[in-house]
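The values are calculated or read from the model by the stated rules, or taken from the named source; none is laboratory data. These numbers come from a predicted model, not from an experiment. Virtual Cβ from ideal backbone geometry, glycine too; neighbours counted across all protein chains shown. All accessible areas refer to the heavy atoms of the entire protein, side chains included, with ligands and DNA or RNA removed. Shrake-Rupley method; radii C 1.70, N 1.55, O 1.52, S 1.80 Å.
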Amino acid sequence: MNNKSSEVKESLLSTVAPSKAIVKLAIPATLALLAKAVYNIVDTAYIGMLHNDNALAAVGVTLPLLLIMVSLENIFAAGAAVLAGRQLGAGEKEKAGQTVTTVVGFSVFVGVALCVLGIIFIEPLLRAFGASEAVLPQAKDYAFWMFIAALFNLPAQSLNCAARAESSVKISSIAVITGAALNVALDPVFMFSWGFNMGVEGASLATTISQCVTFIILAWFYLSGRSIIKIKPRSFKLSGSFLWAVTSIGIPTAVIQICLAVATSLTNIAAKPLPDSDLIIAAYGVVQRLILIGCYVVMGFMQGYQPVASYAFGAKNEERFHDSVRFSLKGALLLTVIVAALYIILSEPLIMLFNRNPLVIEYGKWLLISQVALYPAFGLCYMMTITFQTIGAAKMGLLLSVIRQGLFYVPFILSLPRVLGVTGIYFSQPAADVLTIVVCLFLVKPMKRIASRNMNPGGPEPSKL
């Protein structure tokens, strides 16, 4: 039965039409990401119910630490997914098993190191990220369990991406959705007076338990022998060249997260000197939550595309690879146009779901519209970043991961608000998106050329995408 299941999964990657395979893999991946988005919103709402400004501030100052850990997770997870996908496509199941075993093993080591060092240096770290004396006690309570969660998070994310690489998206989705649902259920039990009355610490503990459950589900899947990729202790082969191969693939994905964090911080800083700065920052916080949902829709679709493209690339099947690229490009653009249209049409009622202050609604409406006015730039840039990762062009992938929210957005957000006020904030993202689209269009032909050269050295020029 397991062999039959493996054959079905490999068929999905190798013979099913790329468009059907991508959609079949993307739907559960998108649902899992949306479940995480809903959990984040609900989790924030629960903490707000404590009616304690210090509790919200405590969670806020731990955010940079969380983003750093998420970035590290993405480095290993994305690298494992692409590398194992290529190896499966080349028929090298043993190598794929060695890749995943080594990445998961190394992730455990990194998780332990983060946990131990984080707890040892918890106070200076939190002070460095802005924790005041009033906020520090609750921030330490929250961060403690966040560092404990690193023991499960890093290996779980590597296993999750490996499952996607072999098209086992069902177990991946079950693990993520179960963890998110459990988190939402446990939050009030640990936080409020009718339960364990742990406050903000309870929210962090609930998250840690749910992430542990996600890891257990994924570990069970691999240890039970149901996977195509086999994890065996003797397959652990750590070397400098292997780490470079994995991290060079995964770094662009991590950089996207870091640039997003930097862009958010700089936008808040740019708003501080302006009239109604607190209201603008509050509105921007709401907008970022909404934008995250749109990002997850595109990212879920890309999680369906990546294993299909990686497998075809590893198998040196040019026609299937380019079919995957064409469909993914059209899909990413269509999804971003739909998300942008919905957000623009529903901008005001969406902001009102979070805040009823008329000024926050007004600022939030225009911030949301400006963020998605040229949203296809995100879909195009993210799709091409994933593709460059897949074809082994790590430097190009890194460049694309930096340009939108880093290289282009930063100078605009630092300069335009000083001249145009809040209007400068509105124009910063569209201006960055125009430049992003130009660069991406310029790199389409090199992307196609590099892919074909790497799959078919010395062969003819590829057909048009």
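Would you confirm whether any residue within region 134-151 is among the β-branched types (V, I, T) and not in a helix (DSSP H, G or I)?
Yes; the residues of region 134-151 include at least one that is among the β-branched types (V, I, T) and not in a helix (DSSP H, G or I).
Testing K140 on (1) open to solvent by 10 Å² or more (accessible area, probe 1.4 Å); (2) in contact (Cβ under 8 Å) with a residue 24 or more places away in the chain, one condition comes back false. Which one is that?
Condition not satisfied by K140: (2).
Search region 81-107 for residues that are over 12 Å from E166 (Cβ atoms) and pair each with any residue that is among the β-branched types (V, I, T) and modelled with pLDDT of 80 or more when their beta-carbon atoms are under 7 Å apart and the residues are at least 6 apart or on different chains.
Close Cβ pairs (under 7 Å, with a partner that is among the β-branched types (V, I, T) and modelled with pLDDT of 80 or more) amount to V82/T390; L83/T99; L83/V246; T101/I231; V103/V246; V104/I231.
So in region 366-383, with the set limited to residues that are open to solvent by 30 Å² or more (accessible area, probe 1.4 Å) and out of contact with any Pro (no Cβ under 6 Å at 6 or more places or on another chain), which one is nearest to A282 (Cα to Cα)?
If we take residues in region 366-383 being open to solvent by 30 Å² or more (accessible area, probe 1.4 Å) and out of contact with any Pro (no Cβ under 6 Å at 6 or more places or on another chain), then W366 is nearest to A282 (Cα to Cα).
Quick check on Q306: is it modelled with pLDDT under 90, under 22 Å from the mean Cα position of the chain (by Cα) and not aromatic (F, W, Y)?
Criteria met by Q306.
What is the residue count in region 257-281 for residues that are farther than 18 Å from S428 by Cα and surrounded by 16 or more Cβ atoms within 10 Å (Cβ to Cβ)?
Looking only at that region, the number is 3.
Out of region 179-193, which residues are open to solvent by 10 Å² or more (accessible area, probe 1.4 Å) and not hydrophobic (A, V, I, L, M, F, W, C)?
Selection gives P188, S193.
Mind listing whichever residues of region 384-407 are surrounded by 23 or more Cβ atoms within 10 Å (Cβ to Cβ) and in a helix (DSSP H, G or I)?
M384, T385, I386, T387, F388, Q389, T390, G397, L400, S401, R404, Q405
Residue-by-condition table, conditions (1) open to solvent by less than 10 Å² (accessible area, probe 1.4 Å); (2) touching a Leu at 6+ places or on another chain (Cβ under 8 Å):
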position	(1), (2)
I120	no, no
F152	no, no
S158	yes, no
A162	yes, no
I177	no, yes
G195	no, no
E201	no, no
S210	yes, yes
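Within region 328-365, track down each residue that is under 15 Å from A451 (Cβ atoms) and either of a type in the set (G, A, S) or surrounded by 20 or more Cβ atoms within 10 Å (Cβ to Cβ) (or both).
Scanning region 328-365 gives a single hit, S328.
So which residues in region 418-459 are of a type in the set (G, A, S) and open to solvent by less than 40 Å² (accessible area, probe 1.4 Å), if there are any at all?
G421, G424, S428, A431, A432, A451, S452, G459
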